[in-house]
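Colleague: Take this structure first; my questions come after.
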């Protein structure tokens, strides 16, 4: 993100008291110390920076460029951008919320990208508008390990009714997840009625994704026997459906066996609050076998949970959750970015780790510094 | 906790400017508006309120009364008590940490109390000093559902080498857990070398307990087939050992079967960072069969994890975790107890739940109010 140089602002102010003799438009007069190339950049930046209203109008009329720009604001760390982002989101809100939000997880290798490509194409063929987002806290380090390579969804990326956006980056999972959650609202206001949120099935990010979707799908492949291995139990417990991918060719038999095994495992879990009994299925993103059935399952789930009101209750709870999460995240950021705290933190941590001071006394010391 | 009436302090100050003609000791002169009974109570309270040094000396010499008083300070909501508690804990710290901390969980009905009684007696017979604590956030509502009824541990409660303390109460799990974690340090400084922390196996409290113990034991009973049911998968994943209790009489066969089944289930979980392979065992708190084996397992675990340094690394990580948790808890408390926030919170929450405002805009509004 290009940051407006302060010098430029100062020059504008100077002009008010010392009006230039030259008849130039305010804001674009190139001061001597700034090269014309830089000035041109600034000019372009100023001209191209749309107002909140322009963004809102753009999003509501289905303009993808406006959507992308608004998401960039959401992902920015600039406080001004945050204010603008909130304006846009709030204005979009009454137009959002008419979608279904689907979380998809699975360890690397299960074929998430090819599944989402086949599933997404199936949905756009049904006349749906599909947005694919991602929550991947590791993307900060790996520069976008999932969805970074859009070429893995060749078909979908060319589809005018699909919008693919890589994971936001950020220092904390909370931050990344919050940004994705905000992006959902923008996509919905832009007319996307099916939101797919991808995540890697290895850590805490599933819990975050679970708290922003209506339906949670766990993607698996038939393995060599230890079907339950390699994925945290908590993730299986969250799943509304387990889909065994790559059920084609020699794999069909193995996939069938795995399906039975997962089905048995799922029945050992306590009943879900939604009243929904998790299902298992197999499919092939390659042959498209079973893809339409996955969507039928989701439709059944939606009908059932809208009928028993669980769908709406969960969304309302999720909204409250994200408010509290955002507050919590900001409180922590404010605390740990405090210069006084930053000076003390390392040595205090070390003393605590070595057992020289109690964790509680250390916390009180830092809190006292912060609140004074 | 008796609170010193403010009136009393005022009278003391008055005396400085208007010295009484009566030759009475400062601080115990009964003013007319306070009945002599109340004054006596205050006097007793003042006399009996030990200093930090007295508490520290008491704890370090193994005085149970001093220990109990210090724990009461830890559990108090009075900020002055908190300061004093931290003083005491910090002074005790270098004398603590030489214990083993064992978490025990299991759903109601598995016989946690009888198990802890039998297990605790076994340990005191071995010459150990055993402290039994609890983390039960529900105790605020149920007035101490676990460990409230000490008569369920008749033998242990009479044992001079055992100390039993019911769960602290508090509004949040975080608060309850923190208080228990602090209590551990005090018990250790008081000479208790084996700390047992009990919790009910139904919720989030296991994660909190897991983050304060060296060894996590899941207690089960042989059921009617669905052995894995009724307990969250995440809890099984935390367990270093699963012990099937009530393996006596007709139950012995069933317990053996359950043991096999759990053993299979445990092997499906990913390997533990500790390098320890979780074990299963059966025992009877009634016949004492298998109780000594549980302790042998723990000793083996300790030897192995001290050998590979995991024991010390985990404790150091736990210390840091509790520092950060305490900070987080206090930041939230300070925020939600802010009078301005309290005025706004309900209506903001409702607007968010109903989708009238975005969770993020609502959070920003509250944060702006708080930080201004």
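The values are calculated or read from the model by the stated rules, or taken from the named source; none is laboratory data. Because the structure is a prediction, the values reported are computed rather than measured. Note: ideal-geometry Cβ built from the backbone for every residue, glycine included; neighbour counts use all protein chains shown.
Colleague: For segment B:325-346, check the following and say yes or no: at least one residue is farther than 24 Å from residue B:194 by Cα and not in a helix (DSSP H, G or I).
Modeller: Initially, segment B:325-346 is screened for residues farther than 24 Å from residue B:194 by Cα, giving B:325-346.
Remaining after also requiring not in a helix (DSSP H, G or I): B:337-338.
Yes, there is a match, as at least one residue in segment B:325-346 is farther than 24 Å from residue B:194 by Cα and not in a helix (DSSP H, G or I).
Colleague: Consider segment B:59-92. How many of its residues are out of contact with any helix residue (DSSP H, G or I) (no Cβ under 6 Å at 6 or more places or on another chain), within 14 Å of chain A (Cβ to nearest Cβ) and assigned to a helix (DSSP H, G or I)?
Modeller: Qualifying residue count for the region: 4.
Colleague: Turning to a different aspect of this structure: Tell me whether segment B:338-353 contains one or more residues that are in contact (Cβ under 8 Å) with a residue 40 or more places away in the chain, surrounded by 16 or more Cβ atoms within 10 Å (Cβ to Cβ), under 30 Å from residue A:358 (Cβ atoms) and more than 8 Å from chain A (Cβ to nearest Cβ). Reasoning before the result, please.
Modeller: As a first pass, look at segment B:338-353 and keep what is in contact (Cβ under 8 Å) with a residue 40 or more places away in the chain: none.
No: zero hits.
Colleague: Is it true that some residue in segment A:257-264 is within 15 Å of residue A:107 (Cα to Cα) and either modelled with pLDDT of 85 or more or within 24 Å of the chain's Cα centre (by Cα) (or both)? Walk me through it before giving the result.
Modeller: Just the residues of segment A:257-264 that are within 15 Å of residue A:107 (Cα to Cα), to begin with: none.
Among the residues of segment A:257-264, not one is within 15 Å of residue A:107 (Cα to Cα) and either modelled with pLDDT of 85 or more or within 24 Å of the chain's Cα centre (by Cα) (or both), which makes the answer no.
Colleague: Let me ask something else. Within segment B:146-158, is there a residue that is modelled with pLDDT of 80 or more and crowded, with 17+ Cβ neighbours inside 10 Å?
Modeller: So the first thing to find is which residues in segment B:146-158 are modelled with pLDDT of 80 or more, and the list is B:153-158.
Adding the requirement that they be crowded, with 17+ Cβ neighbours inside 10 Å leaves B:153, B:156.
Yes, because at least one residue in segment B:146-158 is modelled with pLDDT of 80 or more and crowded, with 17+ Cβ neighbours inside 10 Å.
Colleague: Oh, and also: Please state which of the following conditions residue B:313 fails to meet, knowing it meets all the rest: (1) surrounded by fewer than 16 Cβ atoms within 10 Å (Cβ to Cβ); (2) touching a residue at least 24 places away in the same chain (Cβ under 8 Å); (3) within 11 Å of chain A (Cβ to nearest Cβ).
Modeller: Answer for residue B:313: the failing condition is (2).
Colleague: Select from segment B:315-362 the residues that are within 32 Å of the chain's Cα centre (by Cα) and closer than 27 Å to residue A:93 by Cα and list them in ascending order. Quick ask: steps written out before the conclusion?
Modeller: As a first pass, look at segment B:315-362 and keep what is within 32 Å of the chain's Cα centre (by Cα): B:315-339, B:341-342, B:345-346, B:349.
Matches in segment B:315-362: B:335, B:336, B:341, B:342, B:345, B:346, B:349.
Colleague: Would you be able to say whether some residue in segment A:269-276 is facing chain B (nearest Cβ under 8 Å), over 27 Å from the mean Cα position of the chain (by Cα) and more than 24 Å from residue A:180 (Cα to Cα)? Don't jump to the end; show me each part of the working.
Modeller: Here is the first cut: in segment A:269-276, the residues facing chain B (nearest Cβ under 8 Å) are A:269-270.
Pick out the ones that are also over 27 Å from the mean Cα position of the chain (by Cα) and you get A:269-270.
From what's left, more than 24 Å from residue A:180 (Cα to Cα): A:269-270.
There is at least one residue in segment A:269-276 that is facing chain B (nearest Cβ under 8 Å), over 27 Å from the mean Cα position of the chain (by Cα) and more than 24 Å from residue A:180 (Cα to Cα).
Colleague: Moving to a separate point now. Considering segment B:191-231 alone, what residues qualify as being surrounded by fewer than 19 Cβ atoms within 10 Å (Cβ to Cβ) and either modelled with pLDDT of 85 or more or within 21 Å of residue B:318 (Cβ to Cβ) (or both)?
Modeller: B:193, B:203, B:204, B:207, B:211
Colleague: Additional query: Given (1) in contact with a helix residue (DSSP H, G or I) (Cβ under 7 Å, 6 or more places away or on another chain); (2) in contact (Cβ under 8 Å) with a residue 40 or more places away in the chain; (3) crowded, with 18+ Cβ neighbours inside 10 Å; (4) away from chain B (no Cβ under 14 Å), where does residue A:326 come up short, assuming only one miss?
Modeller: If we test residue A:326 against (1) in contact with a helix residue (DSSP H, G or I) (Cβ under 7 Å, 6 or more places away or on another chain); (2) in contact (Cβ under 8 Å) with a residue 40 or more places away in the chain; (3) crowded, with 18+ Cβ neighbours inside 10 Å; (4) away from chain B (no Cβ under 14 Å), just (4) comes out false.
Colleague: Please find, within segment B:277-287, the residue that is farthest from residue B:220 (Cα to Cα) out of those that are away from chain A (no Cβ under 14 Å) and part of a loop (DSSP other than H, G, I, E, B). Step through it out loud before you land on a result.
Modeller: Of all residues in segment B:277-287, those away from chain A (no Cβ under 14 Å) come to B:277, B:279-287.
Applying the additional criterion that residues be part of a loop (DSSP other than H, G, I, E, B) yields B:277, B:283-287.
Details: B:277: 18, B:283: 10, B:284: 11, B:285: 12, B:286: 15, B:287: 17 Å.
Result: B:277.
Colleague: Okay, next question. Which ones in segment A:239-271 are touching a helix residue (DSSP H, G or I) at 6+ places or on another chain (Cβ under 9 Å) and in a helix (DSSP H, G or I)?
Modeller: A:262, A:265, A:266, listed by residue number.
Colleague: Restricting attention to segment B:347-362, which residues are more than 17 Å from residue A:328 (Cα to Cα) and part of a helix (DSSP H, G or I)? Step through it out loud before you land on a result.
Modeller: To start, the set of residues in segment B:347-362 that are more than 17 Å from residue A:328 (Cα to Cα) comprises B:347, B:350-351, B:353-357.
Across segment B:347-362, the qualifying residues are B:347, B:350, B:351, B:353.
Colleague: Give the residue, chosen from A:102, A:59, A:83, that is surrounded by fewer than 16 Cβ atoms within 10 Å (Cβ to Cβ) and closer than 25 Å to residue B:353 by Cα.
Modeller: Unique residue meeting the criteria: A:83.
Colleague: Here is a list: B:348, B:280. Which entry is in contact with a strand residue (DSSP E or B) (Cβ under 6 Å, 6 or more places away or on another chain) and farther than 18 Å from residue B:211 by Cβ? Lay out the reasoning, then the answer.
Modeller: Working: B:348 fails: in contact with a strand residue (DSSP E or B) (Cβ under 6 Å, 6 or more places away or on another chain).
None of the others qualify; the one that does is B:280.
Colleague: May I pose another question? Report whether or not residue B:334 is crowded, with 19+ Cβ neighbours inside 10 Å and within 14 Å of chain A (Cβ to nearest Cβ). It would help to see each step written out before you state the result.
Modeller: Working: crowded, with 19+ Cβ neighbours inside 10 Å: no; within 14 Å of chain A (Cβ to nearest Cβ): yes.
No.
Colleague: Do you know which of the residues in segment A:114-127 that are more than 16 Å from residue A:289 (Cα to Cα) and in contact with a helix residue (DSSP H, G or I) (Cβ under 9 Å, 6 or more places away or on another chain) is surrounded by the fewest Cβ atoms within 10 Å (Cβ to Cβ)?
Modeller: A:126
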